[in-house]
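A quick write-up on the structure given underneath.
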Amino acid sequence: MAPATDDVVAALDALRQEVECCSRCALEAARTRAVFGEGDPGADLMFVGEAPGYHEDQQGRPFVGQAGKLLEQLLADIGLTREQVYIANVLKSRPPNNRDPRPEEIDACRPYLFRQIEIIKPKVVCTLGNFATKLLSGDQTGITKVHGHPRATVISGHPLYLYPIFHPAAALYTPAMLTTLKEDFSRLPQLLAHAAPQPGEEAAAPPAAERPAWRPPEHLRRDAAPAARPEAAPQLGDATPRRDDAAPRVDDAAPRVDDAAPRVDDAAPSPAPTPEDDARTLDQAPAAVAAPVAAAASPPAADPDRIAAADPEPDPDPAPAVPAEPEQLGLF
């Protein structure tokens with residue numbers, strides 16, 4: 001996590017001033033203070049909530065109520081503080097009585113949020129709840145179905161991972177939802193570790209002393225010594241002979257009916273041949289002799305099932321993705 005440059009800080013300050021003077025929607029008339037967002041301008045991880053509440057409206061800061069305390073606790077569980085991430089909302093002004101944001105209000109604030117992402121360039125944007133997830137993903141599927149499933153996407157020309165999770169406010173009074181939120185949150189360090197580096201980041205200078213590089217807690221580190229794996233059990237296919245090799249085929253063991261039983265025309269005496277029959281016999285003799293020779297020279301038809309089993313077609317290479325899908329990395 002490289003420190004933010006002066007240009008990034010200056011760009012965010014200019015955008016903050018624009019938001020504080022914004023009058024694009026009717027919420028401007030009722031708000032106490034605009035809530036722009038706060039945190040590390042060079043953060044790899046950015047959280048996007050729904051809208052300011054009462055305490056946020058009073059202080060001009062995001063997530064300072066009970067939901068904010070839960071967010072800080074969840075961050076501490078993965079070894080982070082709120083000063084090491086960036087926190088913002090879809091709306092920059094509080095809706096009356098904390099009602100849901102309206103479409104025209106979301107449209108008015110959309111450019112500000114997309115500009116924040118463009119300036120900060122996080123590797124992972126964690127969307128909290130339905131409104132942030134639907135806006136940034138462009139998918140109207142509810143958070144109940146998509147939570148905990150990261151997706152690679154591009155926002156404002158910047159490639160990143162979008163990671164939807166439940167909103168902390170919704171988990172405050174629902175124990176089952178809180179458990180799910182903690183489980184989803186615990187996967188963030190792994191996702192951050194595999195997030196695509198930004199252009200020029202490999203050659204960037206080390207982080208400043210006042211902002212050491214973040215490392216996950218001991219129990220989440222990927223470099224911890226792996227547990228010994230037990231020896232692989234023998235495969236069932238190695239010990240059990242194939243059915244077609246072990247058991248004789250039915251047509252090999254049982255005599256054919258036409259070979260075992262005498263034919264009726266073989267048992268009955270044939271009538272004496274006439275001169276016309278002798279002539280026909282001579283004409284058909286070459287074809288009768290050639291038929292068994294051709295049958296012996298022709299190889300038996302190959303069994304398609306055995307061909308497929310002996311020579312399987314290789315799987316095609318997976319299509320590259322920038323950044324790669326989390327499933328391709330074996331993360332989730």
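The values are calculated or read from the model by the stated rules, or taken from the named source; none is laboratory data. From a predicted model like this one, the values you see are computed outputs, not experimental measurements. We place every Cβ from the backbone using ideal geometry, glycine too, and count neighbours over all the protein chains shown. Just the protein is used for accessible areas: all its heavy atoms, side chains included, with ligands, DNA and RNA removed. Shrake-Rupley method; radii C 1.70, N 1.55, O 1.52, S 1.80 Å.
Only one of the numbered conditions (1) of a type in the set (Gly, Ala, Ser); (2) on the phi < 0 side of the Ramachandran plot; (3) touching a residue at least 24 places away in the same chain (Cβ under 8 Å) is not met by SER156, and that is (2).
Looking at region 159-177, which of its residues are open to solvent by 10 Å² or more (accessible area, probe 1.4 Å) and in contact (Cβ under 8 Å) with a residue 24 or more places away in the chain?
Pass one, region 159-177, residues open to solvent by 10 Å² or more (accessible area, probe 1.4 Å): 159, 166-167, 169-170, 172-177.
Residues satisfying the conditions are PRO159, PHE166, HIS167, ALA169, ALA170, LEU172.
Just give me the residues in region 139-184 being in a helix (DSSP H, G or I) and acidic (Asp, Glu), in sequence order.
If the condition is that a residue be in a helix (DSSP H, G or I) and acidic (Asp, Glu), then GLU183, ASP184 are the ones that fit.
Restricting the first member to region 121-137 and to residues that are free of Cβ contacts under 8 Å to residues at least 24 places away in the same chain, and the second to residues that are open to solvent by 20 Å² or more (accessible area, probe 1.4 Å), the beta-carbon pairs closer than 6 Å and six or more apart or on different chains are LYS134/GLN140. Considering only residues in region 101-138 that are open to solvent by 50 Å² or more (accessible area, probe 1.4 Å) and outside any helix (DSSP H, G or I), the one that is nearest to ILE87 (Cα to Cα) turns out to be LYS121.
Is it the case that ALA30 is aliphatic (A, V, I, L, M) and modelled with pLDDT under 95? Talk me through it step by step, then tell me what you get.
On the way: aliphatic (A, V, I, L, M): yes; modelled with pLDDT under 95: yes.
Yes: the conditions hold for ALA30.
Can you confirm whether LYS92 is buried (at least 17 other Cβ atoms within 10 Å of the Cβ) and either more than 20 Å from LEU181 (Cα to Cα) or not aromatic (Phe, Trp, Tyr) (or both)?
Working: buried (at least 17 other Cβ atoms within 10 Å of the Cβ): yes; either more than 20 Å from LEU181 (Cα to Cα) or not aromatic (Phe, Trp, Tyr) (or both): yes.
When the stated conditions are applied, LYS92 passes them.
In region 71-87, which residues are of a type in the set (A, V, I, L, M, F, W, C) and in contact with an Asp or Glu (Cβ under 8 Å, 6 or more places away or on another chain)? If you could, list the steps in order and put the result at the bottom.
Filtering region 71-87 down to residues of a type in the set (A, V, I, L, M, F, W, C) leaves 71, 74-76, 78, 80, 85, 87.
Across region 71-87, the qualifying residues are VAL85, ILE87.
For region 153-171, the candidate set comprises residues that are of a type in the set (A, V, I, L, M, F, W, C) and in contact with a Phe, Trp or Tyr (Cβ under 7 Å, 6 or more places away or on another chain); within that set, the residue that is nearest to ALA51 (Cα to Cα) is ILE165. Quick check on my filter: what residues within region 37-66 are modelled with pLDDT of 95 or more, among the small types (Gly, Ala, Ser), open to solvent by less than 20 Å² (accessible area, probe 1.4 Å) and over 27 Å from the mean Cα position of the chain (by Cα)? Of everything in region 37-66, those that are modelled with pLDDT of 95 or more, among the small types (Gly, Ala, Ser), open to solvent by less than 20 Å² (accessible area, probe 1.4 Å) and over 27 Å from the mean Cα position of the chain (by Cα) turn out to be GLY37, GLY53, GLY60.
Is one or more of the residues making up region 79-91 aromatic (Phe, Trp, Tyr) and either part of a strand (DSSP E or B) or over 24 Å from ASP57 (Cα atoms) (or both)?
Start the filter on region 79-91 by keeping residues that are aromatic (Phe, Trp, Tyr), which leaves 86.
Still in the list and also either part of a strand (DSSP E or B) or over 24 Å from ASP57 (Cα atoms) (or both): 86.
Within region 79-91, one or more residues are aromatic (Phe, Trp, Tyr) and either part of a strand (DSSP E or B) or over 24 Å from ASP57 (Cα atoms) (or both).
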